[in-house]
Amino acid sequence: MMQVHTSTIGDATVLSCDGRLTMVAAPTLRSAIDDAVSDGRVRLVVDLAGTSFVDSSGLGALVAGLKRTRQAGGDLRIASAQEQVRMVLNLTNLDRILEPFDSVGDAVHGW
Amino acid sequence: MSRHDVVERIDESARLRALDALHVLDTPREERFDRLVELVKELFDVPVAAVTLVDEGRLWAKASIGLPTGSMPRQDSVCSVTTERDEHLVVPDLTVDDRFNTSSTLMASGLRFYAGQPLHAGEHRVGVLCVMGYEERELDPAEIRLLRILADWVEVELATENEMRRAALLQRALRPRSVIRLAGFEVAGHCVTARQVGGDFYDWFIARGSLHIFAGDVMGKGIGAALIASSVRAVLRGAARFISIEEAFNRTAYDLDQDLGDTSMFVTAFGACIDPVTGHGRYVDAGHGLAVLLDREGVPRRLVSGGLPIGAISGDHWDAHDFVLDHGDTLVVVSDGILDYFETPNDGLEALSRMAGRGLGAQAMVDEITGFVERVGPVDDVTVVVVKRSAG
C-alpha cells in the first residue's frame with residue numbers, strides 16, 4: 001500500500017510517495033494534498049523518488065493537486081521522477097505543466 | 001374491482017418491471033449461481049437448493065439442484081407465497097400445511113420441508129433462495145440467519161448481471177458504427193479490453209469529403225471512465241462533421257469543462273482528418289503521443305505536439321498540424337496500454353516500423369498487434385487504429 005510521508009523545507013511542504021502511484025494509491029495522495037492545502041500549506045513538492053510507476057489515476061491525482069494548489073495561490077512541483085514516470089509525463093505533455101525537478105532541493109530552490 | 005385489487009395490480013406491475021430489469025429470466029446457467037446453490041445445499045445438508053424467480057404466471061429457476069429444470073406454474077409453487085411477505089418462510093411439513101397440501105405436483109414430489117428467503121430487486125421481492133428436503137425439519141435462528149446472509153449474496157449477484165450487461169452496451173458506444181469503404185484506403189481498428197470496462201475509445205467516419213479518425217483514452221477504469229469516453233467520442237464525432245478538426249477538439253474541451261471540472265479526470269486523444277484525393281492530412285494531438293506515420297520502408301515519423309490532455313487545464317487550446325499520407329504509407333494510432341508490452345516507447349515504435357516495412361495491410365497489422373496483446377494477456381485496454389494508403 002502506497003504511503004505518503006509529509007515533511008517541510010522552509011515554507012514548502014514535501015510529500016514523499018513510497019510505492020506505486022496507481023488507481024488504488026491515487027486517493028491517498030489526493031487526501032494528503034487536500035489536507036496540506038486545507039492547512040494553508042500551498043507550496044507542495046511531491047517527491048517521487050520512491051515511486052517506480054505511475055498510471056493515469058496517479059497522473060490525475062498530480063494534476064488535480066496542481067489545480068488545487070494554484071487556486072489557493074500556491075504551486076505543486078514534482079521531484080526525483082524515475083524513468084517510467086518521466087516517460088509518461090513526456091508522452092502526455094504533462095511535463096509542460098508538471099515540470100519534473102531532479103531533486104527536492106532543486107524543486108524548492110528559488111521558491 | 002375493489003381499490004385494494006387496483007393497488008395490488010399496480011404493485012405487481014412494478015414488481016414484474018423490476019424483475020424484467022434484471023435481465024435474468026430465461027438466461028443460460030451461470031457458474032457463479034451454480035456454485036452458490038451448491039454451497040447452500042452443502043451448508044444446509046439438503047437434497048434441493050435453488051435460486052428461483054417469480055414471474056407473472058410461472059416460477060423460473062436460474063440455478064437449482066435436485067429440482068426438475070424449466071418452469072413450473074406459479075400457483076403451485078411455495079416460492080410465490082414466500083414473496084408475499086418480506087421475511088423468510090419455513091414450512092416444516094408441506095403435507096400438513098393446508099396452503100400447499102392441495103397441490104398435486106408438490107405432493108407427488110415427496111418433498112416435505114421448505115425454507116425460503118425472498119430476493120429483492122430494489123424494494124420488490126422478485127424471487128427466492130430456497131432449500132427443500134424429503135424429511136420434516138425445522139430451522140433454528142442461526143440457520144435462518146445464514147439463509148438470509150446467503151440470499152443477500154444472491155441479490156448482489158443478480159444486480160451484477162445487470163451492470164455487466166450495461167457495461168457491454170457501453171463498450172459498443174465506444175467503437176465506430178461502420179466500416180470505411182474508401183477507394184485507395186484500408187482502415188482497421190480494434191480494442192482489446194482488460195477485465196473491466198474502461199475509458200479507451202476510437203472512431204472513424206467520412207465527413208466533409210475527408211476521412212476522420214480518432215482515438216482516445218479517458219483517465220481511469222470502470223463505468224465512470226467509459227461514460228466520459230462515450231461522451232467525448234460523441235462530441236468529437238458530432239463536431240468534426242461540421243468544423244475543422246482543431247475546432248472540434250477545442251469545442252469538445254469546452255463542452256467537457258463542466259464534466260471534467262475540478263476532478264482529476266483528463267482525456268488524452270488524437271484526431272486526424274485526411275483528404276483521400278491528395279493524402280494531405282491535419283492532426284491534433286492532445287497528450288496522446290502515440291500516433292506514427294510510417295512510409296513503405298517502415299521509416300517512422302511520430303505525429304506529436306505539445307498539446308496537453310483535454311481537461312488537464314481549463315480553457316486550453318489545441319492547434320492542428322500537417323502531414324501527408326503518401327501512397328504506400330501507414331498511419332498507426334495506439335493507446336498507452338501498448339506500452340505495458342515494451343521496455344520503452346522506442347521499442348514499440350521499432351516493432352511497428354518492422355511491421356510496416358513488411359508491407360502489411362491495415363487489418364493484418366491490427367490483427368498482429370491485438371494477437372500479440374491477447375497472447376501475453378491484457379493489462380490495460382489496448383486500442384489500435386491503422387490507416388493504410390495503397391501503393392500508387
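Structure notes:
- Take each residue in A:90-102, count the other chain C-beta atoms within 10 Å of its C-beta, and the mean is 4.
- Number of partner chain Cβ atoms within 10 Å, mean per residue of A:62-69: 4
- Span-rule helices in chain A, defined as complete DSSP H runs reaching 20 Å or more along the axis (Cα) with Kyte mean at least 0.0: none
- A full extension of the chain between B:D326 and B:E42 corresponds to an added length of 95.4 nm, given 0.36 nm per residue minus the alpha carbon distance.
- Modelled label reach - A:M1, point 7 Å along Cα→Cβ, segment A:18-58 residues with backbone N closer than 16 Å: A:18-32
- For the pair B:D347 and A:R86, label points projected 7 Å from Cα toward Cβ lie 1.8 nm apart.
- Rg(Cα)/(2.2 N^0.38 Å) for chain A, N = residue count: 0.93
- DSSP assigns beta bridges within segment A:3-103; of those with both partners inside it, close to 35 percent run antiparallel.
- Alpha-carbon centroids, segment B:189-258 and segment B:351-392: separation in whole Å: 21
- Calculated FRET value between B:Q258 and B:E123, using beta carbons and R₀ = 51 Å, to 0.05: 0.95
- Between B:V6 and B:E136, the contour length at 0.36 nm per residue exceeds the Cα-Cα span by 42.9 nm.
- Helix B:31-44 axis, angle to chain B major axis (alpha carbon atoms, nearest 10°): 30
- For B:312-323, mean number of other protein chain Cβ atoms within 10 Å: 2
- Label-point gap, in nm, between B:V96 and A:D106 - each point 7 angstrom along Cα→Cβ: 8.6
- Put simply, when B:41-51, B:312-322, B:327-337 are sorted by average Cβ atoms within 10 angstrom per residue, most first, you get B:327-337, B:41-51, B:312-322.
- Helix B:245-260 and the longest principal axis of the Cα set of chain B meet at an angle near 40°.
- Amide H partners (placed H, <5 Å) of A:V14, local residues excluded: A:S7, A:T8, A:I9, A:V45
- Modelled FRET efficiency - R0 56 Å, B:S244 with B:T105, Cβ distances, 0.05 increments: 0.20
- Mean separation of Cα contacts under 8 Å, 6 or more apart, over the residue count of chain B: relative contact order %: 13
- Residue of B:A159, B:A151, B:A142 that the Gaussian network model of chain B assigns the largest fluctuation, springs spanning Cα pairs under 10 Å: B:A142
- DSSP-assigned coil residues among chymotrypsin sites (Phe, Trp or Tyr not before Pro) in segment B:92-124, each with at most 10 further Cβ atoms within 10 Å: none
- Likely footprinting exposure, B:D11, B:D295, fewest C-beta neighbours within 10 Å first: B:D11, B:D295
- Spin-label model, B:T278/B:A159: points 7 Å from Cα along the beta carbon direction are separated by 5.7 nm.
- Whole-angstrom gap from segment A:40-54 to segment B:19-42, using each part's C-alpha centre: 47
- Contour excess over end-to-end distance, with Cα ends at B:E368 and B:S178 and 0.36 nm allotted per residue: 66.2 nm
- Acute angle (nearest 10 degrees) that the helix B:345-357 long axis makes with the longest principal axis of chain B, alpha-carbon atoms: 70
Coordinate-derived values only; no laboratory data. None of the values given here were measured: they were computed from a predicted structure. All Cβ positions, glycine included, derive from the backbone under ideal geometry; neighbour counts span all protein chains shown.
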